[in-house]
Amino acid sequence: MPSIDPPEFGTPTVKWRFPAMHPEGQRYVIIVAVAALVALIFSALRFLFWPLAFLMVFVAAFFRDPIRVTPKGDGLVVAPADGLITMIQPMVPPAELAILGTAPLIRVSIFMSVFDVHVNRTPIAGTIRQVVYISGKFLSADLDKASEENERQHLVVEGKDGRLIGFTQIAGLVARRIVAFVKEGDMIAAGQRVGLIRFGSRVDVFLPADTMPQVVLGQRSIAGETILGKVGGEAMSGITQ
């Protein structure tokens with residue numbers, strides 16, 4: 001019998017490495033680093049050096065941008081944010097997302113603490129149909145009214161199958177700026193980076209009517225990797241312990 005060459009899978013191992021820092025955070029790290037250097041030079045300010053050094057490390061860690069491997073498959077909706085699943089319930093989309101219709105859709109809320117990765121990713125591949133920024137307050141992001149009163153940015157992605165996924169970046173008590181990486185008309189791949197929220201926040205995702213959640217309350221999601229919903233799937237239920 002003719003010999004059959006084994007399939008090639010590339011390298012059999014990978015090495016762990018520190019996550020890269022997103023360019024958005026470089027200037028903040030530089031500012032704190034300069035302040036720490038000034039404190040080190042002047043003896044009267046030297047007591048501030050170590051607090052500033054720790055702050056520099058924290059800022060660099062906050063803006064970390066790790067590599068993510070997005071699952072492939074038809075009808076999958078991946079999480080746009082790292083964080084804690086704090087709400088899964090039917091809600092009428094906000095007026096800014098009228099393109100999604102007026103019928104209640106399942107909203108999945110993901111709360112990001114200051115220790116989570118804050119680079120957000122698109123739940124599906126497709127075309128950006130809408131980007132709407134709204135200035136507002138800076139209430140704690142875990143409050144439900146934050147979705148109506150806080151600074152926020154709504155995005156809608158249309159998949160190749162015509163389904164629309166709407167999600168909202170919401171600034172929190174500490175977060176003071178939402179940064180967009182995409183604009184209307186951009187074509188994006190599933191799990192692609194679409195924006196960043198500085199220093200603590202929340203992301204709400206509105207699943208299409210035929211898409212069932214694949215996460216439970218209390219679960220932690222990983223942006224670009226955790227399967228948040230599935231078209232035609234069975235909804236999971238429960239609360240993690």
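The values are calculated or read from the model by the stated rules, or taken from the named source; none is laboratory data. Treat the numbers as computed from the prediction; the structure is a model and nothing was measured. Every residue, glycine as well, gets a Cβ built from its backbone with ideal geometry; the counts of neighbours run over all protein chains shown. Calculation scope for accessible area: heavy atoms of the full protein, side chains included, ligands and nucleic acids excluded. Shrake-Rupley method; radii C 1.70, N 1.55, O 1.52, S 1.80 Å.
For segment 139-194, a residue qualifies if it is at pLDDT 90 or above, part of a strand (DSSP E or B), crowded, with 20+ Cβ neighbours inside 10 Å and within 14 Å of the chain's Cα centre (by Cα), and the qualifying residues are GLN153, HIS154, LEU155, GLY166, PHE167, THR168, GLN169, VAL194. Restricting the first member to segment 115-133 and to residues that are of a type in the set (D, E, K, R), and the second to residues that are surrounded by 22 or more Cβ atoms within 10 Å (Cβ to Cβ) and in a loop (DSSP other than H, G, I, E, B), the beta-carbon pairs closer than 6 Å and six or more apart or on different chains are ASP116/ASP82; ARG121/PRO80; ARG121/GLY191; ARG121/ALA223; ARG121/GLY224. Here segment 92-105 is the region considered, the condition is being of a type in the set (A, V, I, L, M, F, W, C) and open to solvent by 40 Å² or more (accessible area, probe 1.4 Å), and the residue that is farthest from VAL78 (Cα to Cα) is ALA95. Filtering segment 195-241 to residues that are in contact with an Asp or Glu (Cβ under 7 Å, 6 or more places away or on another chain), at pLDDT 90 or above and open to solvent by less than 20 Å² (accessible area, probe 1.4 Å) leaves SER221, ALA223. Reported count of residues in segment 72-86, each being open to solvent by 40 Å² or more (accessible area, probe 1.4 Å) and under 18 Å from the mean Cα position of the chain (by Cα), is 2. Taking (1) in a strand (DSSP E or B); (2) open to solvent by less than 40 Å² (accessible area, probe 1.4 Å); (3) touching a Lys or Arg at 6+ places or on another chain (Cβ under 9 Å) in turn, GLN89 satisfies each apart from (2).
Mind counting the residues in segment 175-195 that are acidic (Asp, Glu) and closer than 22 Å to ILE67 by Cα? Working first, answer last.
Pass one, segment 175-195, residues acidic (Asp, Glu): 184, 186.
Keeping just the survivors that are closer than 22 Å to ILE67 by Cα gives 186.
Looking only at that region, the number is 1.
Looking only at residues of segment 111-128 that are at pLDDT 95 or above, in a strand (DSSP E or B) and among the β-branched types (Val, Ile, Thr), we find that the one that is farthest from ALA61 (Cα to Cα) is THR127.
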